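Here's the structure, in structure tokens; my notes come after.
Each reported figure results from applying straightforward, stated rules to the coordinates on display, with no laboratory input. None of these values were measured; they are calculated from a predicted model. Here the Cβ positions follow ideal geometry from the backbone for every residue, glycine too, while neighbour counts run over all protein chains shown.
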Ligand code: ASP
């Protein structure tokens, strides 16, 4: 009996349409049913679910949690899930799903760097590969696929807007899809924390502050704090270094007033506790500022103590 795969569409360039002049395009136009109608895939029964049709730069917590609920609901009677998503924030949604959806079944996110009617459009191929992964007995949990490669949400990122090879991973690909065959080179064995949050209220206000030359963000930080921000992730320069103006402003807060996690603005980095510029800060390990922000928001939203937050981030630095 063929497998039943839920195909949840959220928009993105994979559903984008290019103008006749081939110069500009708009993301999130084509319904998923139109993409499916031209996809030569009959190895599974596919159930399309059009959840949204947005440019993923506009992703927000309301849609995130609607996506989590849609995935949970579909997993009840589906063998796997594919999610189409804009590439801008795909890595963030993938990491969030990994922390919130508890399943052994495959949940595969994909997108495209080129709109659906562009020359050399990559969307259908990526969608085809995602469906192959979702049908594979060896695929488990949340995965990302782009340009024939399979990535782990914890370490993949959008690396370029040029060409179809738009994603990369700090630790390399988990595997590849070749002519519909799914090959894993390694499996992600790291155990991740799990949250049962199910609404945007469980996602505390955490912002990312970038450190750069001639930095004046200290002033902005005060405004953020007054606006209910409970945590900050620093995207530090190099090895998580923080401009002294920003550091002074951050150090004015006690950890219970404002939780500070330090990551690096580099695509490939590792911030260990010994590298921190202030003892009360928390090291992001190998997490990007975007992933660290999601983790911290869920931790603060679930009422975790400072010690529990420190312990959880250590899991990403061992
Ligand atoms: N801006 C688009 C989006 O994230 C880019 C893409 O999908 O490649 O929706």
- [ ] Label the stretch 57-151 by shape, choosing from rounded, prolate and oblate, from the square roots a ≥ b ≥ c of the eigenvalues of the Cα gyration tensor; if a/c is under 1.5 it is rounded, and otherwise prolate applies when a/b is larger than b/c, oblate when it is not.
- [x] oblate
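What order do you get for 88-95, 171-178, 296-303 when each peptide is scored by the mean count of other beta carbon atoms within 10 Å, highest first?
On the way: 88-95: 23.4, 171-178: 17.5, 296-303: 20.1.
So the peptides 88-95, 171-178, 296-303, ranked by packing, come out 88-95, 296-303, 171-178.
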Task: Pairwise centroid distance, computed over Cα atoms, of the stretch 204-239 with the stretch 1-26, Å - done: 35 Å
Open item on the list: I need 77, 21 ordered by Cβ neighbour count within 10 Å, fewest first.
Closed with: 21, 77
- [ ] First check a/c for the stretch 194-318, with a ≥ b ≥ c the square roots of the eigenvalues of its C-alpha gyration tensor; if it is under 1.5, answer rounded, and if not, answer prolate when a/b is larger than b/c or oblate otherwise.
- [x] oblate
Task: Percent of beta bridges antiparallel (DSSP, the stretch 160-318, rounded to nearest 5) - done: 30 percent
Task: Cα gyration tensor, the stretch 217-261 - rounded (a/c under 1.5), prolate or oblate - done: prolate
Task: Radius ratio Rg over Rh of the chain, counting only Cα atoms, Kirkwood formula for Rh - done: 0.99
Open item on the list: Over the chain, with a Gaussian network built from C-alpha contacts below 10 Å, which listed residue (254, 23, 98) shows the highest mean-square fluctuation?
Closed with: 23
- [ ] Taking the chain as the reference, fit the longest principal axis to its C-alpha atoms, fit the long axis of helix 289-301 to the helix C-alpha atoms, and give the angle between the two in degrees, 0 to 90, nearest 10.
- [x] 70 degrees
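Restricting the count to DSSP beta bridges whose residues both fall in the chain, what percent are antiparallel, rounded to a multiple of 5? Kindly include the intermediate steps, with their values, before the conclusion.
Details: 16 of 51 bridges.
Around 30 percent of the beta bridges assigned by DSSP in the chain are antiparallel ones.
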- [ ] Measure nothing but the geometry: give the 0 to 90° angle between the long axis through the Cα atoms of 217-226 and the longest principal axis through the Cα atoms of the chain, rounded to 10°.
- [x] 80 degrees
- [ ] Note the angle between two axes, namely the Cα long axis of helix 123-135 and the longest principal axis of the Cα atoms of the chain, as a number of degrees from 0 to 90, rounded to the nearest 10.
- [x] 90 degrees
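What is the order of 261, 232, fewest Cβ neighbours within 10 Å to most?
So the ranking, lowest neighbour count to highest, is 232, 261.
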Task: Relative exposure of 64, 281, judged by other C-beta atoms within 10 Å (fewest first) - done: 64, 281
Task: Whole-Å distance, taken between Cα centres, linking the stretch 70-145 and the stretch 164-197 - done: 11 Å
